[in-house]
Amino acid sequence: MLLTRRAEAQPVASESYVVYGAQGSGSVAVEAALTLIGAPWRVVDADWDDFDPVERVNPLRQVPALALPSGELMTESAAILLHLAEAHPEAGLAPPPGDPLRPAFLRWMIYVPAAIYPMYWVRDVPSRLAADSQAESVILERTAERIAECWGKMNAQVSPGDYILGDRLTMLDLYVAVVSRWTPGRRRFGEVAPKLAGPVRRVDEDPRLAALWAERFPPGGSE
């Protein structure tokens with residue numbers, strides 16, 4: 001279930017998951033996972049122009065954050081996705097311990113937030129690191145190229161089937177399908193990571209996620 005409203009105070013125990021997110025953000029991977037899992041959930045949206053309310057649940061002022069039904073709060077997108085996979089093994093969204101694909105799954109699930117995701121912290125507010133506007137332009141150019149390079153290196157080391165790890169849809173596919181929408185964009189992603197493009201397209205076209213993609217990444221949207 002998808003309900004959207006402005007960010008609220010600290011979460012409390014409830015019968016559903018609560019996703020703290022924003023349109024087009026990394027929270028969409030969590031929303032996609034919960035959609036496939038079929039657990040009750042709702043989303044509390046932050047306004048991109050006002051992230052002050054997010055600080056109430058995450059001092060880093062970042063989304064996603066996830067309030068568990070117990071009321072406990074989780075942050076960090078990869079950790080949230082891994083937890084959901086373990087909490088709902090019936091959904092089959094991760095190779096279980098002992099599965100030959102488990103090491104690769106964990107490797108690439110951590111690669112995305114370790115190598116690629118940090119570039120967007122820089123890009124969102126380049127003045128955090130840049131001394132002036134000229135330096136900001138350089139940072140934006142170089143981070144876009146670094147992101148493309150990282151996708152290319154991942155592409156060179158995987159052997160996808162229908163999905164990134166073979167014939168099984170996992171949290172990794174959802175994660176990459178969301179992050180690859182951001183700068184430098186899907187066209188560049190397809191150029192540097194052609195083996196990943198097919199699995200990502202398959203996730204885009206999954207009818208179970210069609211309504212979510214349309215709402216969270218409307219035509220004309222951007223990073």
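The values are calculated or read from the model by the stated rules, or taken from the named source; none is laboratory data. Source: prediction; values computed, not measured. Because the Cβ atoms are built from the backbone with ideal geometry, glycine has one as well, and the counts that use them run over all protein chains shown.
Would you mention how many residues in region 64-104 are under 18 Å from Ser16 (Cβ atoms), part of a loop (DSSP other than H, G, I, E, B) and of a type in the set (A, V, I, L, M, F, W, C)? So the count comes out to 1. Of the residues making up region 168-196, those that are more than 16 Å from Leu212 (Cα to Cα), outside any loop (DSSP other than H, G, I, E, B) and without any contact (Cβ under 8 Å) to a residue 60 or more places away in the chain number 10. Looking only at residues of region 181-211 that are touching a Pro at 6+ places or on another chain (Cβ under 8 Å) and surrounded by fewer than 20 Cβ atoms within 10 Å (Cβ to Cβ), we find that the one that is nearest to Thr170 (Cα to Cα) is Gly198.
Ala130 satisfies every condition listed in (1) in contact with an Asp or Glu (Cβ under 7 Å, 6 or more places away or on another chain); (2) within 24 Å of Gly21 (Cα to Cα) except (2). Screening Gly190 with (1) outside the structural domain of Tyr117 (by TED's automatic domain parsing); (2) touching a helix residue (DSSP H, G or I) at 6+ places or on another chain (Cβ under 7 Å) gives one miss only, at (1).
On inspection, Pro113 passes the criterion of being within 23 Å of Val203 (Cβ to Cβ), at pLDDT 95 or above and in contact with a Ser or Thr (Cβ under 7 Å, 6 or more places away or on another chain). Between Leu36, Leu82, the distinction of being closer than 30 Å to Val125 by Cα, surrounded by 16 or more Cβ atoms within 10 Å (Cβ to Cβ) and either without any contact (Cβ under 8 Å) to a residue 60 or more places away in the chain or within 18 Å of the chain's Cα centre (by Cα) (or both) belongs to Leu82 only.
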